[in-house]
Structure formats: structure tokens, C-alpha cells
1. Need one value for A:41-47: mean number of C-beta atoms belonging to other chains within 10 Å of its residues' C-beta atoms.
2. Under a GNM of chain A (C-alpha, springs under 10 Å), which listed residue has the highest mean-square fluctuation: A:29, A:20, A:90?
3. What does the extension gain come out to for residue B:54 and residue B:264, with contour length at 0.36 nm per residue minus their alpha carbon separation?
4. Residues with amide H under 5 Å of residue B:173's amide H, sequence separation 5 or more or different chain, H placed in the peptide plane at 1.01 Å from N; which?
5. Between B:219, B:168, B:252, which gets the highest mean-square fluctuation from a Gaussian network model of chain B, Cα cutoff 10 Å?
6. Show me, for the stretch B:249-254, the HN-Hα J-couplings you get by feeding each phi into the Karplus relation (A = 6.51, B = -1.76, C = 1.60, θ = phi - 60°), rounded to Hz, glycine and proline as x.
7. Fewest to most neighbouring Cβ within 10 Å: what's the order for B:222, B:244, B:281, B:249?
8. Taking each residue in B:349-361, count the Cβ atoms of any other chain within 10 Å of its Cβ, then average. What number comes out?
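Since every read-out is calculated from the coordinates, none of them should be taken as a lab result. Fair warning: this is a prediction, and the values are worked out from it, not measured in the lab. FYI the Cβ positions are ideal-geometry reconstructions off the backbone, even for glycines, and counts take in every protein chain you see.
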Amino acid sequence: MKDFLFIFRVDYAGMGRLSAEELQNVAAAAKGWIENIAAQNKLADKGNRLIPGSGKVLRSKDIITDGPYVETKEAINGYLIIKSATIEEAVDIAKNNPLFKLNIGGSIEIREVSTI
Amino acid sequence: MNDDKLIPHLFRTEYRKIIAVLCKTFGLEHIEIAEDIASDTFLQASETWGIKGLPDNPAAWLTTVAKNKAKNYLKHNKILLDKIMPGIKYSAPQTEETIIDLSTENIRDSQLKMMFAVCHPCIATEAQIALALRVLCGFGIDEIASAFLTNKATINKRLVRAKDKLRREKISIELPLPDEINNRLDVVLRTLYLLYNEGYYTSQNENILRRELCYEAMRLTFSLIENEQTNLPQVNALFALMSFHASRFDARMNEKGEAVLYDEQDETLWDKKLIQQGEYFLQQSSRGKQLSKYHLEAGIAYWHTYKEDTKEKWENILQLYNQLLMLEYSPVIALNRTYALSKANSIDEAIAEAEKLQLTHNHLYHTLLGELYKNKNVQKAAFHFSEALQLAKTPEDKQLIQRKIDAL
């Protein structure tokens with residue numbers, strides 16, 4: 001089994017266009033998606049969601065800016081780590097994420113975690 | 001209780017009291033001496049009582065004899081006496097009388113401390129349970145062997161190894177320091193939980209003994225609640241969990257000794273008092289911020305005390321299983337959660353998720369899928385039940401699955 005990091009990116013503006021009910025449904029579906037992964041014993045780390053607009057970016061010790069992420073179409077909003085034998089399987093797991101049922105942009109980047 | 005039952009019962013309760021007090025007095029490195037004195041006492045009891053009949057107060061009789069034997073032992077073992085005396089030098093007066101303190105208070109104190117010694121992390125889990133049954137519960141080697149479905153030699157080996165370990169690691173009989181109690185308690189609770197499960201889930205015909213394993217686990221858990229330092233939320237949660245399960249003892253077995261599944265149980269046989277007890281301790285467990293797996297399992301058991309299927313019941317159970325899964329994965333939790341999914345959401349959703357679990361070597365996996373398919377696709381249900389029948393190990397499990405096949 002290998003570990004794969006899922007990096008979630010969303011368009012916060014697009015999410016803002018969802019109704020309260022739609023947002024609630026998507027949150028519940030996302031929760032169910034993670035629980036199903038855990039039920040298959042494939043959840044290595046349930047990770048976290050990130051607070052929008054809370055970031056800082058350091059380009060050097062002196063160049064520190066507020067994170068630009070909220071305004072971009074692809075802002076990181078969370079991560080988790082799953083266990084799977086192959087990246088293809090990891091992709092299949094990601095495909096079931098409820099994000100892709102909505103037409104509001106966003107992406108999941110899948111990266112194998114190095115063991116060294 | 002008639003004499004046939006009274007004597008083994010008395011031996012068990014008095015044995016563990018004597019062992020705990022003597023171990024605390026002599027030190028765990030001399031646990032064998034404590035065991036010898038206790039065994040000698042019971043041997044003498046069987047002989048004397050066999051001839052003269054039962055004394056008026058058998059427990060007091062045993063205590064006195066054990067005390068005398070211990071005193072004699074000390075008299076003839078200067079080394080041990082010299083070792084013990086300095087330790088209690090300041091607790092006057094220095095006679096053997098005060099050394100062997102079999103007062104209720106000292107018994108309770110000794111047993112609690114013994115519990116932490118027996119459940120020391122350096123001892124393997126299996127050995128902890130065997131040792132707990134022997135020295136904390138006073139079970140005989142043959143009883144432990146039949147509880148574990150193994151032979152006396154295996155249990156003896158396990159016990160000897162565990163006692164060696166206690167000696168080598170110089171484990172002392174004392175409560176952990178206040179800041180260690182939480183961590184050490186984890187192991188104690190796990191052992192009590194396993195002890196309970198050993199009695200509850202491994203069904204066999206001699207189920208009276210098994211039920212006693214459960215009661216013993218409950219007694220030990222309750223003794224943790226009685227002590228202020230160990231009366232922590234997770235302990236209350238575990239006790240609540242045990243109470244809820246115990247409430248179904250009479251309903252989960254029919255007259256023929258066959259297991260009765262939850263759905264088919266007569267809920268009028270559920271013990272209301274134990275359910276109320278569970279509710280009380282579940283409430284007690286909600287103080288504090290810690291949410292242990294015992295809280296979650298007690299919550300699930302609580303919802304099972306409502307027989308009627310409601311959406312609220314199954315949604316709560318599903319969420320509790322979800323939280324449990326996040327805390328730690330186990331195939332049984334994953335399967336139970338999938339069953340809750342079928343009740344709370346839909347059978348189709350549960351089937352889709354169940355098939356992803358791929359626990360194809362587990363008879364419970366196939367039983368669950370058979371159950372989910374039985375009103376959807378009889379052929380698939382039959383396939384899974386027959387797989388389950390092949391994989392099941394105990395006759396009881398096989399019998400249950402066969403009944404499901406016959407009902408298709």
C-alpha cells in the first residue's frame with residue numbers, strides 16, 4: 001500500500017453561488033465520501049479543511065504577503081491522505097468525490113507520498 | 001445458591017481477595033507464595049468442610065485460615081519477613097497481625113492496584129486477560145482454559161510467562177501517578193473490554209461461565225468507578241456499554257441454547273434495570289471533553305435498546321459508527337457501519353459500499369451481503385450465504401447462516 005496525498009482546490013466564488021441547502025448537501029456528501037474511504041480501511045489521515053483568507057506567503061524572509069488564494073479560481077481548501085495500491089485506484093476514489101457532481105470548478109491533485 | 005454453586009463462587013471471590021492483599025504485602029515478585037497460601041487455604045477448606053460441613057461464616061473461615069497460613073509462612077521465612085517489616089516499620093504496631101490486613105478497605109485498595117499491575121503495558125494482551133482471570137477474578141486454570149477454548153497447559157504457560165515478566169520488570173503494586181493514570185487506564189480498560197467480549201461474543205454451550213466473565217469484567221470496571229482517581233469519563237462509558245449489552249443476556253439465547261439474533265429477540269426479556277443503569281453511566285460519561293471509543297460504542301448500544309426501527313435511531317447509529325471508524329478501523333466496524341447505512345439511507349447504497357470493502361475471507365462480510373441482497377436478488381443472496389457458511393468456524397454461526405439460507 002502506498003500513501004497518496006489529495007490536495008483539494010476550489011473556486012470559493014463558485015461555492016458562494018450555491019444555496020445554503022446545496023452547500024449543506026455537498027458538505028454531507030463529502031463527509032460520507034471520506035467515511036466510505038475509512039470503511040475500506042483506505043484512509044491514512046483524514047486531514048483538514050483550511051480556513052479561507054487566513055494565509056500568508058513567504059517568498060523570502062522579508063517578502064511576506066497575505067495568501068492570494070481566496071481570489072484565485074483554484075485555492076487550496078483542504079487535504080487528506082489515502083492508502084491505495086496504485087495511483088489508478090487513488091484516482092477512482094477521487095472520482096467519487098461530490099465536488100464533481102457540481103459545476104463549480106475545483107480540482108483534486110493526487111500525489112504519491114515519498115517514503116524516504 | 002446451593003452448596004454446589006456456593007463453594008466455587010466463594011473460592012473465586014475469596015481467592016482474589018487473599019491474593020490481592022498478600023501480593024500487596026509481599027510484593028509481586030512473590031506472587032507464587034501468595035498463590036500457594038491461597039491454594040493451601042482452599043485445599044484445607046475442601047477437606048475440613050467435606051467432613052465437618054460448612055462453617056457458619058465460610059468467608060470469615062477462609063480469611064482466618066489464610067491469615068494464619070501467611071503468618072506461619074512469615075515465621076519460617078525470615079528473609080521475606082525482614083524484607084517486609086522495614087516497609088511497614090512506621091505503621092505501628094509491628095506484629096504479623098497488622099501485616100496481613102484483610103479488611104474490606106485494604107482488599108478494595110489492593111485489588112484496584114493489582115488491576116494496574118496486571119494490565120501493565122509490558123505484558124502481552126492475551127496474557128493480561130488470563131492473568132486478570134486468575135488473580136483478579138479468582139478463576140481456576142481449567143475454567144480459564146475452557147473460557148479460551150484451549151487446554152490447561154497453554155494457560156499455565158501463559159501465566160508463568162506473564163508472572164516472570166512482572167518479576168523481571170519489577171512491577172510494583174501501586175496506582176500510577178496522577179498524570180500517568182489516563183495512559184495506564186487505556187490498557188486496563190482495553191483488557192476489561194476484551195474480557196467482557198470474550199464472554200459476550202464467543203458463544204459456546206457452557207454459557208453460564210461465559211456470562212460470569214462478563215459480570216467479572218463489570219465488577220472490575222465498577223471498582224474503577226468507585227475510586228475517585230480512576231472514576232473518569234471513559235470508565236463510565238465502558239460500564240454503560242457493558243450494562244446495555246448485559247441487558248440482553250436473557251433474550252439472546254433460546255431454551256435450546258441457540259443464539260437469537262437481535263431482530264428476533266423478545267424485547268420483554270431485556271433487563272430494564274440494566275438499561276437504566278447504562279443510561280445513568282452514559283450520562284456520567286459525558287462530563288469532560290474526551291470522546292473515547294467506549295463512548296461511541298455505548299452510544300450505539302444505547303440506540304439498540306430501542307427495538308423499533310426509526311430513521312432517527314439508524315441515523316444516530318450510522319454517525320456513531322462513522323466516528324468510530326475515524327478513531328480506528330476494524331473490519332467489524334466497517335461491516336456494522338454498512339448495515340447501518342442500509343437502514344439509514346438505502347439498501348442499494350449499502351450494497352455498493354459493502355462490495356468495496358472486499359473482506360471476502362470474512363464470513364460476516366458474506367452474511368451481510370446475503371442479508372442486503374435477500375429481497376433484491378435471491379441468487380446473489382444465496383451465493384453470499386453459502387460463502388459465509390463455508391467460512392464460518394463455530395457451529396452456532398453455521399447454524400445461523402443455514403437458517404438464513406433455508407428462509408430464502
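1. On the way: counts 9, 2, 3, 0, 0, 2, 0.
Average per residue, whole number: 2.
2. Looking only at A:29, A:20, A:90, the largest GNM fluctuation is found for A:20.
3. On the way: separation 210, 0.36 × 210 = 75.60 nm, distance 4.48 nm.
Using 0.36 nm per residue and subtracting the Cα-Cα distance, I get 71.1 nm.
4. For residue B:173, the qualifying residues are B:28.
5. B:168
6. So the J values, rounded to whole Hz, are 3, 6, 8, 8, 9, 8.
7. Numbers: B:222 14, B:244 27, B:281 23, B:249 18.
Ascending Cβ contact count within 10 Å gives the list B:222, B:249, B:281, B:244.
8. Details: counts 2, 0, 0, 1, 5, 1, 0, 7, 4, 2, 2, 0, 0.
Per residue, the number of nearby Cβ atoms from other chains is 2 on average.
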